[in-house]
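To start, the structure under review is shown below, and the notes come after it.
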Amino acid sequence: MKSTRTIRIVTGISIAIVGISAISWLGLGRVSGSLKRIDVFAGLKSRPDKPSSAINYLLVGSDTREGLTKAELKFLRVGSVASAAGKRSDTMLLVHISKARDKAVIISIPRDSLVTVPEHQDAQGKTIPAVRSKLNATFNWGGAPLLIRTIENQTQLRIDHYVEINFSGFARMVDSLGGIQVCSKRDINDPKSHLVMSAGVHTLNGLESLKYVRTRDFDGMGDLGRMQRQQQFMSSVLRKATSTGVLLNPIRLVNFFNAAMATVQTDSGLNSNDLIALAKQMKNLSASKVRTLTVPLSDTNYAVPGLGSTVLWDPVLAPELWNRLINDAEIVDVVTPSPSPSSSVKPKITTIDKFKTRTADENPCGALK
């Protein structure tokens, strides 16, 4: 009798969870936002081959102030749209999603990476020959198309889709999730981002999160320290977005998609239905199956006349990383030594993580949700 009652209770809970999940995903049909699309692949020639159905997204954080209110600009202390005209690529992330849609890799690309910018035309139509420069310059010289051409030439990895998010869009998406938890092992007082935060765990709203991912002048690590915090922040976003509090909450889920679609720009080939389909394919993707890393580097302070300090990619590890992504191969090697024929002891599994990745369910304090 007791076991029968237990079975009924468990069955009831299971049915309820399945029902709520179904309602949540059906709720995506109420997504009303429309994406702002730009033609970033037009005119691109001799692009890399694509040997698998894995998907590569280039995610760019633009520092344009458009969309922020006067009160938000004052809080962030980043100047006005007029005083900070134009836009620069503040953050560049390459997101690789496996062909089975069950694994993902998020790679930070330093904006000061020394690259060869291909021949291109400037705003006046003048042909500019290929030149060595910082990767960030391509976004200013030729926007997303030149940035994509440069990255594809450097990596031989084909970019399938482009997503650009500005300050306002970033803040709106964080708020739609109800804030994001972060953890710092030390106090932060950054005079440029104006972030003041004590060590420990904090739940940040959209504008506070924007200060957090932009801070870079308090620990002496510059962009590399900022990229580490951005990776940790992206992991926290992933944990929050894939948590039951979001997936089983149709209103929050729809609000997140609407916030994203209203505030990002994508390539012309990507539409809202594609994103919703991808979200449904990846709904079983856990944070433990997402790895974050920075492009392997050999020099973080390489001086170039006329450019100043630049960042060099590792000449061995970086090409190996790109080649693995091209072929949708594992990023972390698992080696199982064969036991001797007379041994009854099971072989020990050894993991080799030469790219120094971290899983998205890891965090610096072990206290994030």
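Read-outs: derived from the displayed coordinates by stated rules, not from any lab. Predicted model, so just to flag it, every value in this text is computed and none were measured. Virtual Cβ from ideal backbone geometry, glycine too; neighbours counted across all protein chains shown.
Near the amide H of SER62, within less than 5 Å, lie the amide hydrogens of ASP90, ILE165, ASN166, all on another chain or at least 5 residues away, with H placed in the peptide plane.
Using the Cα atoms of region 126-224 to build a convex hull, what is its mean projected area in square nanometres? Don't skip to the answer; put the middle values down first.
Values: hull surface 35.4 nm².
Value for region 126-224: 8.8 nm².
Taking amide H as placed 1.01 Å from N in the peptide plane, the amide H of THR310 sits under 5 Å from that of TYR302, ALA303, VAL304, each at least 5 places away or on another chain. 3J(HN,Hα) along region 197-213, derived from phi through the Karplus expression 6.51 cos²θ - 1.76 cosθ + 1.60 where θ = phi - 60°, amounts to 8, 6, 5, x, 9, 9, 9, 9, 7, x, 5, 5, 5, 4, 4, 5, 6 Hz, with x in place of Gly and Pro. Fewest neighbouring Cβ atoms within 10 Å first, the residues ILE159, ILE352 line up as ILE352, ILE159. Database remark: amide H of GLN181 closer than 5 angstrom to the amide H of LEU204 (H placed geometrically; neighbours at sequence offset of 5 or more, or on other chains; Pro and chain starts carry no H).
Applying 0.36 nm per residue to the separation of LYS185 and LEU297 and subtracting their alpha-carbon distance, the gain on full extension is 37.9 nm.
Arrange the following residues from fewest to most other Cβ atoms within 10 Å of their Cβ: TRP141, TRP313.
Sorted ascending by nearby Cβ count, the order is TRP141, TRP313.
May I ask which of LYS36/LYS356; LYS70/LYS211; LYS70/LYS185 have a Cα-Cα span longer than 25 Å here? Correct reply: LYS36/LYS356; LYS70/LYS185. 3J(HN,Hα) couplings calculated from phi for region 296-312 with the Karplus curve 6.51 cos²θ - 1.76 cosθ + 1.60 (θ = phi - 60°) are, in sequence order, x, 10, 10, 7, 9, 8, 8, 7, 10, x, x, 10, x, 6, 10, 10, 9 Hz; Gly and Pro show x.
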